[in-house]
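K.L.:
My questions will all concern the structure given below.
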Amino acid sequence: MPQKKTENKDKKKKAKGIRHWLKEAVMFIAILTIFSTGLDIWRSGDMPSNEIPELIAQTINDETIDLKAMSYEKPVLLYFWATWCPACKFVSPTVNWMSDHFNVVSVAITSGENRRINAFMDNSEYSFPVINDNKGNISRAWGVSATPSIVIIKDGEISFIATGVSTPPGLWLRMLLA
């Protein structure tokens, strides 16, 4: 009989320990979400909130992109990034995967000449379209203050803005909801 009491006590302790760590994990995720959302709001403060600035440009592969016109066909994921950006190394594979399913346009900020960006794209095996913003004029017009920044556009208006690292499921859902 004393052995059963000890076993029950151990099970209760274990269950209490698991509940404690689950509560801690939930609190950590909640705090992280609040912090991340606040950081997004602060970093995207200078970015347009409704109608988009005009963006008609040539990609590094000589394709003409009219962002506003594209957004009337299907939502567009506009990705501001740079070859020198450490966080972009985590987001670019997701954007590349998304480009197989959605309209994606990217703007490479101060990343060098087209030849250099093409070499980077080839080496990384990325296939999404890239507009070279060699002098940062496009990113300034859009108020981009952090890379990576992602803007989802539908019918010429901004549906969503994210700065920093974004998850594949999060971007996928935002595109579906746009």
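K.L.:
Along Cα→Cβ, 7 Å out, is where each label goes; now give me the distance between the ones at residue 110 and residue 177 in nm to one decimal.
P.N.:
According to this spin-label approximation, the distance is 3.3 nm.
K.L.:
Among residues other than residue 130 whose Cβ falls under 14 Å from its Cβ, what is the net charge (Lys/Arg +1, Asp/Glu -1)?
P.N.:
Numbers: positive: 115, 116; negative: 62, 63, 113, 122, 125, 133.
Around residue 130, the surrounding residues sum to -4.
K.L.:
Related question: What dipole magnitude, in Debye to the nearest 20, does region 56-177 give about its Cα centre under +1 on Lys/Arg Cβ and -1 on Asp/Glu Cβ? Spell out each step's value before the answer.
P.N.:
Details: 9 positive and 11 negative charges, 74 e Å.
In total the dipole reaches around 360 debye.
K.L.:
Can you tell me the dipole magnitude for region 104-170 around its Cα centre, using point charges on the Cβ only (Lys, Arg +1; Asp, Glu -1), in Debye to the nearest 20?
P.N.:
Values: 5 positive and 6 negative charges, 40 e Å.
Charge dipole of region 104-170: 180 debye, to the nearest 20.
K.L.:
Further question on the same structure: Quote the relative contact order of region 48-161 in percent (integer), defining contacts as alpha-carbon pairs under 8 Å separated by 6+ residues. Please list the in-between numbers first.
P.N.:
Working: 207 pairs, mean separation 42.9, N = 114.
Over region 48-161, the number comes to 38 percent.
K.L.:
Given H placed 1.01 Å from N in the peptide plane, which residues other than close sequence neighbours of residue 160 have an amide H under 5 Å from its amide H?
P.N.:
Here 152 satisfy the definition.
K.L.:
Order of 122-129, 97-104 by packing, highest average Cβ count within 10 Å first?
P.N.:
Working: 122-129: 13.1, 97-104: 16.6.
Going from most to least packed, we get 97-104, 122-129.
K.L.:
Give a residue-ordered list of calculated ³J(HN,Hα) values for region 69-84 (Karplus: 6.51 cos²θ - 1.76 cosθ + 1.60, θ = phi - 60°; whole Hz; x for Gly, Pro).
P.N.:
Karplus-based 3J(HN,Hα) across region 69-84 equals 4, 4, 6, 7, 6, 8, x, 10, 9, 9, 10, 8, 8, 8, 5, 8 Hz.
Since every read-out is calculated from the coordinates, none of them should be taken as a lab result. Computed from a predicted structure; not experimentally measured. In this analysis, Cβ positions are derived from the backbone assuming ideal geometry, glycine residues included, and neighbour counts consider all displayed protein chains.
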